[in-house]
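Below you'll find the structure, written out as C-alpha cells, and then a few comments.
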Ligand SMILES: [Zn+2]
C-alpha cells in the first residue's frame, strides 16, 4: 500500500485530507494540461486551414491546370 497523500492511495479508497488533496491537485493539473493541448490543436488547425487556402490561391494563380485537377477530384468526392 502506498503512502497517504498519493493518488494511488486515494484510488485505493482512502479519503483522508492528504489523499483527497493529492487527487484534487492531480485532476486540476490534468485538466489544465488537456485544456492547453486543446488550445494548441485549435491554433494549429486555424494555421493549417489558412496555409491551405494560401497554397490553393497560389496553385490557382501559377498552375491553373493543376488547380482544375484538384477541383475535379474535390467534385468527385463531393458526389461520392
Ligand atoms: Zn490517505
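Remarks
- Criterion (over 12 Å from the mean Cα position of the chain (by Cα) and surrounded by 10 or more Cβ atoms within 10 Å (Cβ to Cβ)) met by exactly one of 15, 28, 43: 28
- Restricting the first member to the range 1-16 and to residues that are more than 19 Å from residue 29 (Cα to Cα), and the second to residues that are more than 9 Å from the ligand (Cβ to nearest atom) and at pLDDT 95 or above, the beta-carbon pairs closer than 7 Å and six or more apart or on different chains are 2/8.
- Meets criteria (at pLDDT below 95, out of contact with any helix residue (DSSP H, G or I) (no Cβ under 7 Å at 6 or more places or on another chain), assigned to a helix (DSSP H, G or I) and more than 16 Å from the ligand (Cβ to nearest atom)) for residue 28: no
- Residues considered: 59, 73, 47. Of these, the only one that is modelled with pLDDT of 95 or more, in contact with a helix residue (DSSP H, G or I) (Cβ under 9 Å, 6 or more places away or on another chain) and in a helix (DSSP H, G or I) is 59.
- Residue 78 assigned to a helix (DSSP H, G or I), away from the ligand (no atom under 16 Å from the Cβ) and at pLDDT 95 or above: no
- In summary, residue 20 fulfils each of the numbered conditions (1) more than 16 Å from the ligand (Cβ to nearest atom); (2) surrounded by 10 or more Cβ atoms within 10 Å (Cβ to Cβ) with the single exception of condition (1).
The values are calculated or read from the model by the stated rules, or taken from the named source; none is laboratory data. Just so it is clear, the model here is predicted, and its values are computed rather than measured. Note that we place each Cβ from the backbone using ideal geometry, even for glycine, and neighbour counts take in every protein chain shown.
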